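This report concerns only the one structure given below.
The values are calculated or read from the model by the stated rules, or taken from the named source; none is laboratory data. These figures come from a predicted structure and were not determined experimentally. Here Cβ is always computed from backbone atoms with ideal geometry, including for glycine, and neighbour counts include all displayed protein chains.
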Amino acid sequence: MDATILIFILIYLLTILVSATELAPLSVAALGGALLTAWFGIQYNVFTYEEALGFVDMRLLALLIGTMVVVEIAKRSGLFRVLALYAVKFSGGNPAKLFFSVCIASAFVSMFLSDPMAMLLMAAATVTIAKVLKYDPTPYFLSATIMINLGGTSTLIGSVSNMIIGMEANISFTEFLNYLFVCEIMLWALTIFVLYIIFKPKLGEKKTLPEYKPLESITNKTLFYKSAFILFLLVFLFLTLENSGVGPEGVAIGCAILALILSKLDPAEIFRELDWETVFFIAGFMFIVGGLEKTQILTDISTWLFQMAGPSPFNSTLMTLWFSGIASTVVSNTAIALTFAPIIGAHVFSGLNSSAVWSALILGTNLGGATTPFSGSVCAMAIGALRREGISVKFGDFAKVGLITTIIQLSFSSLYLIARFGLIGV
Amino acid sequence: MINLAKIKKWFGSRKLKRERTYEEEKREFEMAMGKPFINIRIEIPDGFEELRALFLSLEKDERFLEEVKNLVKKRLTYERQGLKPPS
């Protein structure tokens, strides 16, 4: 193997190792790796400075930042809190109803909020209601964590990995829904059912819920309605503008500007609250993967993998699903998406087969994210929040539930992909 | 030389920010679903500086807290009856 390829692979592996072990923050690990890639790449003439400038996909960053601004303003308005409050109120103190409400609300808010932010919101709601009703918060908490991870899979903007894959594969908002919406609904129902079976004995008894009005928690009603309108507009434009040549990043940035104008909030404060850690991690990691692409190693891996799978779309789809699913149980799903997207992109598929493989990658990278306490930041946060409330969850207890749900989700997704894309007998 | 203590502090501050956000969210939910509460900042009155220690101990003084609660009850009772609270 060429020495330069070896250096680039080492930089990639070192970045993964440093970020997975949290020796340094994700962003610092990726930016450090990007700096080394730039240095060695230009020194050894793997790429030119001008070529390196194109490694970072600005469209992806625009989509990410635009969506973050819209969602940050919606969060400040209390929109998601009101949703969570209504979900709890709907239960009327019935533990089974409360369990279903918490699960659905968790998945729903995570369709818009980043997973860590959704976790903070749902953790606060769950702890409070568990205290009021004197329930053990653990089953609600762990179920919310798993549902937050699943909820992020549901739309193009639901998770960062979806945005990465969507941009690389040129999958529009409606195409995304067309391929995966039915699967997502069924996965939600199946996962909630499995979690209910696991936690049913620990949910507690029926209690009287205190009277409260969710809308009373809103201090600025004008901002609340404006935020709801802009969020609705964002989804509406994603669905309707795709044939007019405006990309999702244009819609996201447009809505972000509109949100900043209409909300009248201090933009500096909004920008300060954005998840820059993720933005810089993605920028840095894209650069590292861009460098790897220049060495042709990703094309070689792609050829090797799909040769191994053979000409059958059945094998290549299921291999992508399970391989990315298992990999994302240990490595951040953003890193998995950034690595696998160019590998799959380098392979030429015909017609529907490419949609099947891309859909498999979307499902795989997301579903592995809540298998163990170390699978994603959202899991670590859930464990940390429980510890703050004086409850310790053992690694094995979390992993048992996470492993069961992940295997069921990946197995169901396999069946769905086979049926949806007619993979048998092709 | 790399200052490890500074780096450690920087890493720690990221965790603290999340913990603060979590506590803020929890407070919002407690206010909406549980018993609402208020936090009041009271500074030591001018001319009582020599009683600083005693003043600070009031924060955990059960009898004092009970007196404040009674004051709140009295105020709310006046408001409920539509009477002007005594100044």
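The residues of segment A:84-108 that are under 23 Å from the mean Cα position of the chain (by Cα) and more than 12 Å from chain B (Cβ to nearest Cβ), listed by number, are A:Phe99, A:Phe100, A:Ser101, A:Val102, A:Cys103, A:Ile104, A:Ala105, A:Ser106, A:Ala107, A:Phe108.
Evaluate segment A:294-303: report whether one residue or more is at negative phi, acidic (Asp, Glu) and in contact (Cβ under 8 Å) with a residue 60 or more places away in the chain. The answer is no, given that none of the residues of segment A:294-303 is at negative phi, acidic (Asp, Glu) and in contact (Cβ under 8 Å) with a residue 60 or more places away in the chain. Does at least one position in segment A:29-42 carry a residue that is farther than 30 Å from A:Pro210 by Cα, within 14 Å of chain B (Cβ to nearest Cβ) and out of contact with any Cys (no Cβ under 8 Å at 6 or more places or on another chain)? So far as segment A:29-42 goes, yes, one or more of its residues are farther than 30 Å from A:Pro210 by Cα, within 14 Å of chain B (Cβ to nearest Cβ) and out of contact with any Cys (no Cβ under 8 Å at 6 or more places or on another chain). Checking the structure you have, find out if any residue of segment A:119-138 is more than 14 Å from chain B (Cβ to nearest Cβ) and crowded, with 21+ Cβ neighbours inside 10 Å. Looking through segment A:119-138, none of the residues is more than 14 Å from chain B (Cβ to nearest Cβ) and crowded, with 21+ Cβ neighbours inside 10 Å. Figure legend. Inter-residue proximity from segment A:401-426: first residues within 13 Å of A:Gly364 (Cα to Cα) and in a helix (DSSP H, G or I), second residues among the aromatic types (Phe, Trp, Tyr) and modelled with pLDDT under 95, beta-carbon distance below 7 Å, spacing 6+ or different chains. Indicated pairs: A:Leu410/A:Trp322.
Let's see how each residue does on (1) surrounded by fewer than 16 Cβ atoms within 10 Å (Cβ to Cβ); (2) modelled with pLDDT under 85:
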position	(1), (2)
A:Leu260	no, no
A:Ala268	yes, no
A:Ile282	no, no
A:Met308	yes, yes
A:Pro311	yes, yes
A:Thr320	no, no
A:Ser324	no, no
A:Thr329	no, no
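Segment A:130-240 holds helices (runs of 4 or more DSSP H) entirely within its bounds, and those carrying 3 or more residues that are in contact with a Phe, Trp or Tyr (Cβ under 8 Å, 6 or more places away or on another chain) and within 30 Å of A:Ile407 (Cα to Cα) map to A:138-151, A:160-169, A:173-199. Within segment A:77-118, the set of residues being hydroxyl-bearing (Ser, Thr, Tyr) and surrounded by 19 or more Cβ atoms within 10 Å (Cβ to Cβ) comprises A:Ser77, A:Ser91, A:Ser101, A:Ser106, A:Ser110, A:Ser114. Within segment B:36-55, restricting attention to residues that are over 15 Å from the mean Cα position of the chain (by Cα) and loosely packed, with under 11 Cβ neighbours inside 10 Å, the residue that is farthest from the other protein chains (Cβ to nearest Cβ) is B:Glu50.
Results for (1) surrounded by fewer than 17 Cβ atoms within 10 Å (Cβ to Cβ); (2) within 23 Å of the chain's Cα centre (by Cα); (3) farther than 25 Å from A:Ile165 by Cβ, shown as yes or no for each residue.
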| position | (1), (2), (3) |
| --- | --- |
| A:Leu203 | no, no, yes |
| A:Glu211 | yes, no, yes |
| A:Leu223 | no, no, yes |
| A:Leu237 | no, yes, no |
| A:Gly245 | yes, no, no |
| A:Ile253 | no, yes, no |
| A:Ala256 | no, yes, no |
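Once segment A:395-426 is narrowed to residues that are under 29 Å from A:Phe199 (Cα atoms) and aromatic (Phe, Trp, Tyr), the residue that is surrounded by the most Cβ atoms within 10 Å (Cβ to Cβ) is A:Phe398. Out of everything in segment A:268-277 that is under 15 Å from A:Ala62 (Cα atoms) and out of contact with any Ser or Thr (no Cβ under 7 Å at 6 or more places or on another chain), what residue ends up being farthest from the other protein chains (Cβ to nearest Cβ)? Here the residue is A:Phe271. For segment A:46-53, does any single residue satisfy the condition of being farther than 18 Å from A:Lys207 by Cβ, of a type in the set (D, E, K, R) and away from chain B (no Cβ under 14 Å)? Looking for residues that are farther than 18 Å from A:Lys207 by Cβ, of a type in the set (D, E, K, R) and away from chain B (no Cβ under 14 Å), one finds at least one in segment A:46-53, hence yes. Selection over segment A:286-326 of residues that are touching an Asp or Glu at 6+ places or on another chain (Cβ under 8 Å) and closer than 21 Å to A:Met167 by Cβ gives a count of 3.
When every residue of segment A:149-156 is checked against the conditions, none turns out to be closer than 22 Å to A:Ile197 by Cα and either within 14 Å of chain B (Cβ to nearest Cβ) or touching a strand residue (DSSP E or B) at 6+ places or on another chain (Cβ under 9 Å) (or both). When restricted to residues that are outside any helix (DSSP H, G or I) and over 17 Å from A:Thr191 (Cβ atoms), segment A:368-391 contains 5.
Just to be sure, is A:Leu120 in contact with an Asp or Glu (Cβ under 9 Å, 6 or more places away or on another chain) and touching a residue at least 12 places away in the same chain (Cβ under 8 Å)? So A:Leu120 passes the test. Listed by first and then second residue, the pairs with beta-carbon distance under 7 Å, at least 6 apart or on different chains, first residue in segment A:208-237 and within 23 Å of B:Lys26 (Cα to Cα), second among the hydrophobic types (A, V, I, L, M, F, W, C) and assigned to a loop (DSSP other than H, G, I, E, B), are A:Phe224/A:Ile218. A count restricted to segment A:144-173 and to residues that are within 30 Å of A:Lys207 (Cβ to Cβ) and touching a residue at least 60 places away in the same chain (Cβ under 8 Å) stands at 6.
Being free of Cβ contacts under 8 Å to residues at least 40 places away in the same chain, farther than 24 Å from A:Leu60 by Cα and away from chain B (no Cβ under 14 Å) is true of A:Ser392.
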